[in-house]
Structures are given as C-alpha cells and as structure tokens.
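K.L.:
Before I ask anything, let me first share the structure, which is written out below as structure tokens.
The values are calculated or read from the model by the stated rules, or taken from the named source; none is laboratory data. Given the structure is predicted, the values throughout are model-derived calculations rather than measurements. Cβ coordinates were reconstructed from backbone atoms using ideal geometry, including for glycine residues, and neighbour counts include every protein chain displayed.
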Amino acid sequence: TGERYRFVRFDLADAARIDETLAPELSALASAKLSSVCLLNNAATAGPVGTLGKLAAGEIASSLAVNLAAVVALTNLFCRVFADPALPRRVINVSSGAAQTALAGESVYCVAKAGMEMLTKALAVEQQAPGFRAIAVRPGVIDTDMQVFARSQSKDVLPSVELFQGFHRDGRLVAPDVVAAKIVRRLVEDEVEHGRTYSYQEL
C-alpha cells in the first residue's frame with residue numbers, strides 16, 4: 001500500500017546515479033517523524049563466474065558496481081540524509097562466508113563481500129553517535145536463485161561448484177523467510193555490537 005511502502009525501480013549497476021535518483025526519496029522519508037531508521041544492503045549478483053584471466057572487464061565492473069560500489073554509495077547517502085545524531089540509525093550489510101574464504105571461480109564476488117565487511121568496520125570508526133550501529137551478517141547458505149545458478153555451472157567455469165552442489169544434496173539450504181525473520185529479530189530489533197560481523201549461528 002502507498003501509505004506504508006515506497007518503491008523505486010533502479011539499476012544498482014549504475015551506482016553513480018544513486019544520489020540523484022534516491023536522495024529525494026530518502027529526504028522525504030527523513031522529513032517524517034521517525035523513531036529509528038535502518039538500511040539493509042542485500043542486493044547482489046552472483047556473476048561473473050570464472051577464474052581470473054577468463055573474465056570480461058565489463059562483467060567485473062558491473063558486478064562490483066552492484067555488489068560493492070552501490071553498497072558504499074547507498075550507505076554514504078544514508079549517512080548524509082539521516083545525519084541527526086539523536087535518531088537511532090542502523091546499517092546492516094548482508095555479507096557471505098565468501099568474504100573470508102576464497103572460492104575458485106567466484107573471486108569477484110569474494111572481493112565484493114570482503115569489501116562490504118571492511119565498510120562495516122569503517123563505519124564503526126567514523127560514525128560515533130551513540131545510536132548509530134553498523135553490522136554485517138553472513139547469513140549462511142540460503143535456498144535462492146543464486147544457489148541454483150552456482151550449482152548449475154560446469155567445473156571448468158566454477159571449480160568450486162561441488163561445494164554448492166553439496167549444500168543442495170545434503171539439505172543444508174535454509175529457506176529465505178527463515179533467515180529473514182532471524183535477521184529482523186536479532187539484528188534489526190535487538191542490541192548489536194558496532195562494526196561486528198555476525199554469523200548465521202549467532203542469529
């Protein structure tokens with residue numbers, strides 16, 4: 001319904017246009033009486049897959065735009081628009097175990113997720129207002145189209161494909177709504193440690 005939700009259609013690969021496109025919407029939201037505000041950076045793309053030396057530069061740039069540059073730009077805009085130190089603010093960056101563990105054929109994705117976790121740490125040293133919290137979460141292996149995409153690749157393209165196939169075969173994939181509920185309950189509504197990365201087991 002229009003009273004509770006505002007939708008903006010935007011291609012995050014065009015990260016340079018985030019300010020001009022989204023600033024009016026966020027400013028309108030900031031003018032309302034808010035008890036708190038939360039930015040959840042969750043959008044991502046799994047591609048390109050393939051080992052370095054076999055990727056196209058344009059694919060690399062587009063992937064990093066969505067998975068990292070847009071995250072930094074959105075967070076920058078969030079900090080600018082919601083600058084009132086008295087307003088409780090929270091940034092939640094949805095990361096991945098790939099931020100810590102390199103996966104052959106997923107190097108671009110790994111780089112982006114590692115950058116997202118460093119952004120979380122940077123926010124912790126830059127944003128010192130008592131009500132500001134930035135955290136990252138590695139939500140585990142979720143039953144999404146990204147998992148379907150990964151396990152459908154050939155080993156020549158994605159040498160780590162057996163890892164993803166094993167997640168599916170062994171029944172380790174968790175439903176998205178289950179993970180989302182845990183994130184809201186533990187990381188949106190509860191107290192959190194500024195700058196910390198949380199694992200699925202901690203939700």
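K.L.:
Could you check how many residues of the stretch 95-114 are among the small types (G, A, S), assigned to a helix (DSSP H, G or I) and out of contact with any Leu (no Cβ under 8 Å at 6 or more places or on another chain)?
P.N.:
4
K.L.:
Hand me the list of helices (runs of 4 or more DSSP H) wholly inside the stretch 1-90 holding 1 or more residues that are surrounded by fewer than 17 Cβ atoms within 10 Å (Cβ to Cβ) and modelled with pLDDT under 95.
P.N.:
Result: 18-30.
K.L.:
If I filter the stretch 101-143 down to residues being in contact with a Pro (Cβ under 6 Å, 6 or more places away or on another chain) and under 22 Å from H168 (Cα atoms), which single residue comes out as surrounded by the most Cβ atoms within 10 Å (Cβ to Cβ)?
P.N.:
Per the criteria, the residue is G105.
K.L.:
Restricting to the stretch 156-189, and then to whatever is aliphatic (A, V, I, L, M) and in contact (Cβ under 8 Å) with a residue 60 or more places away in the chain, can you tell me which residue is farthest from A136 (Cα to Cα)?
P.N.:
V157
K.L.:
So, in the stretch 48-79, how many residues would count as being touching a helix residue (DSSP H, G or I) at 6+ places or on another chain (Cβ under 8 Å) and in contact (Cβ under 8 Å) with a residue 60 or more places away in the chain?
P.N.:
3
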